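What follows is a short report on a single structure.
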Amino acid sequence: IEIYSLHVDCKVTSRFAHTVITSKIANRANESREVTFEVELPKTAFITNFSMSIDGKVYPGIIKEKASAQKEYDTAISRGQSAGLVKITGRKLEQFHVSVSIAATSKVTFELMYEELLKRQLGKFELLIKVRPKQLVKHFQIDVHIFEPQGIRFLETDSTFMTNELTEALTKVHNETKAHILFKPTVDQQKINPELNQTLLNGDFVVRYDVKRVATAGDIQIVNGYFVHYFAPQEMSAFPKNVIFVIDRSGSMAGRKMEQTRAALLKILQDLHPEDHFSFITFNSKVVEWKSSLLQATAENVASATGFMRTLSASGGTDINRALLTAVSLLDKTEKLPERSVSMIILLTDGQPTSGESNVEVIQENIQKAINGKYALFCLGFGFDVSYKFLEKMALSNGGIARRIYENSDAALQLQGFYQEVATPTLMKIEMQYPENAVERLTKTNFKLFFEGSELIVSGKISNELDLLPVEIKAQSHASDLTLKEEANVREKEQVFQNRSYIFGNFIERLWAYLTIQQLLEKSISAQEEDQKALEAQALELSLQYSFVTPLTSMVVTKPTGQKQTELVNKPTEAG
């Protein structure tokens, strides 16, 4: 079985990435063989298309509502074969896998297409392409085209498998707004050494970049009546933070997890700003407060906390409910906190609630009532014994996010990385306002917090023949209440994307659909049951209309006669 051509073609237009992977495989044997197409793609992406062409006949994948696809599939296969064509393979990736039997000397072409909106984290966008052909490939090529009308501020590539020889196969060119990255190693360059037919290409190929920002009220881009508005203000002073770390020290945290948590917290303590206030609560079946109120992050208090951290040991059960309620009341009763400041609770746990209140619905209700919109709750789930669904719902209901921490050697770095993302809040209560009669189908426009290094995005449809799109952003900064205004000339903005041969059609409309689906699904996690159904119905309708494989749709893959006829492509979620 020879993969004689493998192309990864990626176009990023204004953060929206459209990737097509084409693999051409020949069966050089004189009998029929099973051929496998296996690709890893980012979890944040939605598959939009897949097809197989065998001897000139095309077998397309068709996207349907999950329930009806499942029904068809069950009827087709009453023999109970499972067809999980996509599974999560790591912290950033999921794997797409399909096999088909092809005749002697036949060829097959697989084509997979997926799309995602690149998310700015810690000051950069990251495009991740996983490379693992498992054999030498005669025609191997990765092509990345980037077009950012705001201008490209910096661009770098990074890879886990590069050698000096392979670097020669990599070219990068970029001007003010466009970049092209080409990686095209010859068969000899792909070899681990000249004698062995083994490939070096195994790992991540990453492109990182950021854009230039001039306008204070962000940047607006318009294509075919849809707009996207990016807002990432720079050089603003940070709000002081009041942060309580709620740390699980139940028995299952003993050993390496506790060491890694300690290492991360020691580093985070060093990163606190002098005007921040902080405290620790540790819990197993008992809840222990390090101090009876939050303390300012002076050198002396940080040193004292460091001493406390070093004594942490793990044993016993898990009373998440009482630990979080204690954290909320600690924030409620601490006096003399800076007037303009951001309060947050960061929970780290590796298990289910086993002590005290153990009903997750009751816990969620208790916490939401206690926090009552005053503080943001971030939930970090360590490993795979946590109920991620529970943590995610609790965080999203209280203005925060959840994140899984993988039990690897770099867990301490994952914890620090998460903290860095939320370490510098520079705006709060952000409202992005657009003229009511001129825009419709808006994505989320109100945001609780803006963190340095991230980006807020709003997208929508311009409803009538508008010449100017005025926007107004209201927010609170550390110093004052802000109002920022901007006006976009619709015709001029549309012009930017004209005559660009490599821009894929209505990309802002697809970006809008992608973002809307993501937000509907996220909202449905913390919604009441009847609202949940309505939100999911909306997300399903858009998933089908724009052909995205989301947690609500499936792609039905049909194969040549005589083989396991249909298989389903489903999107896995972090909550499983």
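Residues whose amide H lies under 5 Å from that of residue 350, counting only those 5 or more places away or on a different chain, are 382; hydrogens are built 1.01 Å from N in the peptide plane.
Under a 5 Å amide H cut-off, with hydrogens placed 1.01 Å from N, residue 243 pairs with 277, 278, 279, 344 among residues at least 5 apart or on other chains. Selection among 145, 160, 123 by position relative to the dipole of the stretch 102-174 gives 160 as farthest towards the positive end (Cβ unit charges, Cα centre). Within the stretch 241-423, DSSP assigns beta bridges of which about 15% are antiparallel (rounded to the nearest 5). With every protein chain kept in place and ligands, DNA and RNA left out, what is the accessible area per residue of the chain? Probe 1.4 Å, answer in Å². On a per-residue basis, 44 Å².
Here the peptides 159-167, 5-13 are ranked by packing, the mean other Cβ count within 10 Å, and the order with the highest first is 5-13, 159-167.
In plain terms, the chain from residue 433 to residue 216 could stretch by 76.6 nm, reckoned as 0.36 nm per residue minus the Cα-Cα distance. If one computes the Cα centroid of the stretch 455-490 and of the stretch 299-327, what distance in Å separates the two points? Each part's Cα centre sits 43 Å from the other's.
Centre-to-centre separation between the Cα atoms of the stretch 22-53 and those of the stretch 359-393: 40 Å. Computed about the Cα centre, the dipole magnitude for the stretch 427-546 is approximately 240 debye when only Lys and Arg (+1) and Asp and Glu (-1) carry charge, each at its Cβ. Considering only 113, 398, 1, the residue lying farthest towards the positive end of the dipole of the chain is 1, judged by Cα position with unit charges set on Cβ.
Accessible surface of the chain, 1.4 Å probe: 47 percent of it comes from carbon and sulfur atoms. Basic side chains Lys and Arg get +1 at the Cβ, acidic Asp and Glu get -1 at the Cβ, and with that the dipole of the chain about its Cα centre reaches some 840 debye. In order along the stretch 184-199, phi translates into HN-Hα couplings of 9, x, 6, 4, 5, 5, 6, 6, 5, 8, x, 7, 9, 8, 10, 9 Hz, rounded to whole numbers, per the Karplus curve 6.51 cos²θ - 1.76 cosθ + 1.60 with θ = phi - 60° and x for Gly and Pro. Label-to-label distance, residue 256 versus residue 168, with points set 7 angstrom from Cα along the beta-carbon direction: 4.0 nm.
Among the listed pairs 267/523; 429/571; 11/485; 267/336, those whose Cα-Cα separation exceeds 28 Å are 267/523; 429/571; 11/485.
Using alpha carbons only, how many angstrom separate the centre of the stretch 233-257 from the centre of the stretch 144-173? What the calculation gives is 34 Å, centre to centre.
Taking the DSSP beta bridges with both ends in the stretch 417-576, the antiparallel portion is around 100 percent.
The values are calculated or read from the model by the stated rules, or taken from the named source; none is laboratory data. This is a predicted model, so every value here is computed, not measured. Here the Cβ is made from the backbone with ideal geometry for all residues, glycine too, and neighbour counts use every protein chain on show. Keep in mind that these areas ignore ligands, DNA and RNA; they rest on the heavy atoms of the full protein, side chains included. Shrake-Rupley method; radii C 1.70, N 1.55, O 1.52, S 1.80 Å.
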